[in-house]
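Visitor: Take this structure, written in structure tokens, and hold onto it; I'll ask about it next.
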Amino acid sequence: MAVTVASMVGSMATKKVTVTIPEELLEEVKAEAADQGISAYVTEAIRTKRDQDRLTELVDWLEDEYGPVTDDRLAAARAELDEIDAEHDRRRKAGGKAA
């Protein structure tokens with residue numbers, strides 16, 4: 001079941017805060033957030049940034065622990081992802097049936 005950010009914001013405890021952002025950015029956000037509202041838009045942006053920061057922290061820890069990813073391993077991982085994407089495409093075209 002998909003839950004929109006707007007409904008998640010409405011169902012969790014919230015606190016009003018004041019932030020200062022450039023006027024031009026605010027105008028862009030207002031235009032893009034018209035349907036969901038600025039609070040939901042900003043909440044989603046902050047959550048995304050927090051998640052990216054946590055992933056960066058995990059990558060840093062993994063590289064400290066195991067060393068950086070080699071070009072060969074990166075190429076192999078990308079090839080595997082390409083295969084998975086191709087399989088998903090085949091299944092979608094077949095109407096969800098296994099290929």
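Visitor: In this structure, does residue 87 turn out to be open to solvent by 70 Å² or more (accessible area, probe 1.4 Å) and modelled with pLDDT of 95 or more? Lay out the reasoning, then the answer.
Guide: Details: open to solvent by 70 Å² or more (accessible area, probe 1.4 Å): no; modelled with pLDDT of 95 or more: yes.
Spelling it out, it is not the case that residue 87 is open to solvent by 70 Å² or more (accessible area, probe 1.4 Å) and modelled with pLDDT of 95 or more.
Visitor: Quick one: which residue in 43, 20, 14 is under 22 Å from the mean Cα position of the chain (by Cα) and open to solvent by 80 Å² or more (accessible area, probe 1.4 Å)?
Guide: Numbers: 43 fails: open to solvent by 80 Å² or more (accessible area, probe 1.4 Å); 20 fails: under 22 Å from the mean Cα position of the chain (by Cα).
Exactly one residue qualifies, and that residue is 14.
Visitor: Against the definition (open to solvent by 70 Å² or more (accessible area, probe 1.4 Å) and either closer than 30 Å to residue 20 by Cβ or among the aliphatic types (A, V, I, L, M) (or both)), how does residue 62 come out, yes or no? I'd like the intermediate steps shown before the answer.
Guide: Values: open to solvent by 70 Å² or more (accessible area, probe 1.4 Å): no; either closer than 30 Å to residue 20 by Cβ or among the aliphatic types (A, V, I, L, M) (or both): yes.
So residue 62 fails the test.
The values are calculated or read from the model by the stated rules, or taken from the named source; none is laboratory data. Quick caveat: nothing in here was measured; it's all calculated off a predicted structure. Using ideal geometry, Cβ is built from the backbone for each residue, glycine included, and neighbour counts are taken over all protein chains shown. Note: areas computed on protein heavy atoms with side chains; ligands, DNA, RNA excluded. Shrake-Rupley method; radii C 1.70, N 1.55, O 1.52, S 1.80 Å.
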